[in-house]
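Values quoted throughout were computed directly from the atomic coordinates according to the rules given, and no laboratory measurement underlies them. The model shown is predicted, which means the values in this text are computed figures rather than measured ones. Cβ coordinates were reconstructed from backbone atoms using ideal geometry, including for glycine residues, and neighbour counts include every protein chain displayed.
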Amino acid sequence: MATSGVGEDKYRKFLYGEGERDTKWRFGSPPNYDAVNKLFEEGRTKVWPPGSLEEKVQNLVKTWEMEMFNKTCFDDYKSVDLKNYTFSLNGMKPVTLEEKRKLGGGYNTFLQTSLPEKFRVYNPAEETVESAHVAFTTAFPRGFALEVLQVYSGPPVIVYKFRHWGYMEGPFKGHAATGEVVELHGMSIFEVDEHMKVVKVEFFMDRGELLGGLMKGASLDGSAAEAAPACPFLTGTG
């Protein structure tokens, strides 16, 4: 999301400008990443040189995440190859964009699990893209920042290690805010074509690292757990 009023974002493409005039946004207008950009700049452990491979990969991933979470029409996606794109998590069967939408998109896609339903503290089978968004923006009112820690190979097959983090300053699924940093580490493979459009994505991570951090707070009764969600235009993923 961009610097307020400037109409651009230094970490993400395809947010503003003539090319986005007809884009269908999930919340009616382009998201604003001011808060999460600030969190990223204050909390990152790596500062990659401008123009470096690491910076290019980091910005590609942030752009891809922005489109996946915020654009509702596949035709508005500019970072991916619409015909050939697939996504997989932890070696599961790859899914197309349409299949990913049926899973609930967004956080639901990243939190797929083979656990029996009675053991799922977060159950993507029961969450919609909207309910998942409310749950995580409430828990992370300043956003859930992303940094690339290391790039092992460049295009066309990009392999990198990442870190996501945010401050749990709101409740999550009946658990009180802790104010602590919650982190998620993992590896990912992005295959891109000659135009740097993403063709294939694979993620390898432990969802328990994220959910464990969000379940540390004291249990709340039903009324206390229903905190007002953070404004979707002020926070974001990545």
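Here the dipole of segment 1-135 is about 280 debye; that uses its Cα centre as origin and unit charges on the Cβ of Lys and Arg (positive) and Asp and Glu (negative).
What FRET efficiency, computed as 1/(1 + (r/R0)^6) with R0 = 35 Å and r the Cβ-Cβ distance, is obtained for Ser153 and Arg21, rounded to the nearest 0.05?
Using R0 = 35 Å, I get an efficiency of 0.45.
Our summary of shape: the Cα atoms of segment 97-213 have principal axis extents of 46, 30, 23 Å, ordered from largest down, in whole angstrom. For the chain, the convex hull drawn through the C-alpha positions has a volume of 123 cubic angstrom per residue.
Going down the table (Lys24/Lys62; Lys62/Lys197; Lys24/Lys161; Lys71/Lys173; Lys13/Lys102), which pairs top 22 Å between alpha carbons?
Violating the 22 Å Cα-Cα cut-off are Lys24/Lys161; Lys71/Lys173; Lys13/Lys102.
Within the chain, DSSP assigns beta bridges of which about 85% are antiparallel (rounded to the nearest 5).
Calculated on the alpha-carbon coordinates, the convex hull of segment 50-151 measures out at 139 cubic angstrom per residue. Note on the chain: helix-only mean residue ellipticity at 222 nm, from DSSP H runs of 4+ residues weighted -39500 (n - 2.57) and normalised by residue number, equals -7500 deg cm²/dmol. The relative contact order of segment 1-160, computed from alpha carbon pairs under 8 Å that lie at least 6 residues apart in sequence, is 23 percent.
Any idea what angle helix 34-43 forms with the longest principal axis of the chain, computed on alpha-carbon atoms, 0 to 90 degrees, nearest 10? Helix 34-43 sits roughly 90 degrees off the main axis of the chain.
By average Cβ neighbour count within 10 Å, what is the ranking of 210-218, 170-178, 71-79, 103-111 from highest down? Intermediate values should be presented prior to the final figure.
Details: 210-218: 17.7, 170-178: 19.6, 71-79: 15.9, 103-111: 21.3.
By packing density, highest mean first, the sequence is 103-111, 170-178, 210-218, 71-79.
Axis of helix 53-70 versus longest Cα principal axis of the chain: the two differ by about 60°, to the nearest ten degrees.
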